[in-house]
Structures are given as C-alpha cells and as structure tokens.
Amino acid sequence: QNKIILISRRDLAAARRFIPGRKVDLIPLGIDAPIFLTRDQARSALGKMAPHSLEPNTFLIVTIAELTNTKGLAYLVAAALLLKKNPGMPAFCMILIGKGENRSRLEREIMERDLGKTVVLAGRIQNAARYLSGADIFVLPSVKEGLPYVLIEAMFAGLASVATNVGGVPDLTREGRTARIIPARDPQAIADAIAELAANETERKRLGESALKEARRNFSIEPMIQS
C-alpha cells in the first residue's frame, strides 16, 4: 500500500483534510548530530565574523537562515534595535549566517538603524552548524517554515532557542521546556525573549540541556528508522 509521508503534525493535519487518513502517515525527521567545534574555537571563529573585536563576555546570538522574506530576518534586525535601547541588555552581537535575495535590503536596514557593530551578515559558511557551540542562544524568527533542520541542529548544540510558532516548529520545541516560542512578525516579542534569556544564565542552561535530551531522544537517525 502506497502512503504519503509527512514530517510535521501540522502538515499531517492539513493533508488529512483532503486525503484519506489511511494514506498518510507521520515519520519524525531524524538527523546525524553535527560535529561541533569546542566552545572556545567556535566563539573565536564567530568573533572573527564581526567587523570589530568582541569582548570575551559578549552575548552571542546566532541564526542560520537564507536571507529571504520567509525567514523573518527583518524582524530580527528590528528586535536588535529594541535590544540596543534596553538598558538591561548586556553587550551583544547578532550573527546571521546565510545568503539570499534580501541581503542588500538587510544591509540597508542595519545601516539605517546604526547597527553595523551589532548585527553581522556573515554570508554563507560551509558546515555552519559546527559554530553553534559558540553561541549563547539561537534565534529562528521565521514567518513560514516546514520542519526547520537548523533548529534541530541548535538543539543538538545544547542551545536555548527563541523561535516563532510557525510550520513544524511546535513539533520540535516546547514552550518553557526546550525553547521560547513567540508569535511571528513581532520584533518586541523577539527582543523580550532574548533579553529574558540574556539575563538568566540558569534558564538558558536548563532550556539548552532539555533541548539536547529531546534532540537525542526524538530527532536522531535511530528513532526515524524505527518509525
């Protein structure tokens, strides 16, 4: 019997609206865990992507995404401006790894907001996931998603994440347990979640440890094969 395989619950629910239930099934995505650099190696490499030297205690916020409208990076840049104005936010740097059609637009927005020393467009980097071990948090501000592979990689890196409640993201993360889940298209919500995690190292560690356990249990290759 032929079946249509879906990898997120939202897609499965949508498919069942017009395809008989017996013909669709859910198989969770599984990946090989990336081979990460040591934290010191990764932070050194991330620091070299910035236009100026970073202090050792700089709070590093990383995302890996194509520079397209669906990834919501303009909202992340707007959130950076809010964070810059927040007196309780420590010195921070956002590093956006990826390439895409919106690079010029994002560069312009960064320049107009005087964020050149705060938000870095690092371009496409081969095996970018290996640098996640140097970040303090991972952010995925997408307005549309399937099942974001990179969020699983961030979980394997043991990172607390801030992610929008779109597509298959709820299949991967749980609010308050493995991540901060926020509405899409909301710079203030992004800024608030980042500021909260920046101020609370214990909470970051708790979320990161829980995310790593969840990734190993549910999103490695073996559970996918068993499904």
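The values are calculated or read from the model by the stated rules, or taken from the named source; none is laboratory data. This one's a predicted model, so the numbers in the text were calculated from it and none came from an experiment. Don't worry about glycine lacking a Cβ; one is built from the backbone with ideal geometry, like all the others, and counts go over all protein chains shown. For the accessible areas, the whole protein counts, side chains as well, though only heavy atoms, and no ligand, DNA or RNA atoms are used. Shrake-Rupley method; radii C 1.70, N 1.55, O 1.52, S 1.80 Å.
Can you tell me which residues in the range 164-188 are touching a Phe, Trp or Tyr at 6+ places or on another chain (Cβ under 8 Å) and closer than 24 Å to residue 133 by Cβ?
172
Of everything in the range 208-222, what is closer than 15 Å to residue 135 by Cα and open to solvent by less than 30 Å² (accessible area, probe 1.4 Å)? Give them in sequence order.
Across the range 208-222, the qualifying residues are 208, 211.
Please report, ordered by residue number, the helices (runs of 4 or more DSSP H) entirely within the range 148-207 with at least 1 residues that are closer than 15 Å to residue 65 by Cβ and open to solvent by 10 Å² or more (accessible area, probe 1.4 Å).
149-156
Within the range 176-191, how many residues turn out to be without any contact (Cβ under 8 Å) to a residue 24 or more places away in the chain and touching an Asp or Glu at 6+ places or on another chain (Cβ under 9 Å)?
2
If you check every pair at least six apart or on different chains, which have Cβ atoms under 7 Å apart with a residue in the range 40-69 that is closer than 20 Å to residue 103 by Cα first and a residue that is of a type in the set (Asp, Glu) and open to solvent by 40 Å² or more (accessible area, probe 1.4 Å) second?
67/101; 68/101
Name every residue in the range 190-202 that is farther than 9 Å from residue 163 by Cα and under 15 Å from the mean Cα position of the chain (by Cα), in order of residue number.
191, 193, 194, 197, listed by residue number.
Going by the structure shown, is residue 108 touching a Phe, Trp or Tyr at 6+ places or on another chain (Cβ under 7 Å), open to solvent by 20 Å² or more (accessible area, probe 1.4 Å), at pLDDT 95 or above and outside any loop (DSSP other than H, G, I, E, B)?
Against the criterion (touching a Phe, Trp or Tyr at 6+ places or on another chain (Cβ under 7 Å), open to solvent by 20 Å² or more (accessible area, probe 1.4 Å), at pLDDT 95 or above and outside any loop (DSSP other than H, G, I, E, B)), residue 108 does not qualify.
Select from the range 84-100 the residues that are of a type outside the set (Gly, Ala, Ser) and within 23 Å of residue 128 (Cβ to Cβ) and list them in ascending order.
Passing the criteria: 92, 93, 94, 95, 96, 97, 99.
Checking the structure you have, find out if any residue of the range 152-165 is touching a Ser or Thr at 6+ places or on another chain (Cβ under 9 Å), of a type in the set (Ser, Thr, Tyr) and in contact (Cβ under 8 Å) with a residue 40 or more places away in the chain.
yes
Does the range 67-79 hold any residues that are farther than 14 Å from residue 189 by Cβ and either assigned to a helix (DSSP H, G or I) or open to solvent by 20 Å² or more (accessible area, probe 1.4 Å) (or both), and which are they?
Hits for the range 67-79 are 68, 69, 70, 71, 73, 74, 77.
So residue 145 passes all but one of these: (1) modelled with pLDDT under 95; (2) surrounded by 16 or more Cβ atoms within 10 Å (Cβ to Cβ); (3) assigned to a helix (DSSP H, G or I). Which condition number does it fail?
Residue 145 satisfies all of (1) modelled with pLDDT under 95; (2) surrounded by 16 or more Cβ atoms within 10 Å (Cβ to Cβ); (3) assigned to a helix (DSSP H, G or I) except (3).
Just a yes or no: is a residue in the range 114-128 part of a helix (DSSP H, G or I) and farther than 23 Å from residue 169 by Cβ?
Scanning the range 114-128 turns up no residue that is part of a helix (DSSP H, G or I) and farther than 23 Å from residue 169 by Cβ.
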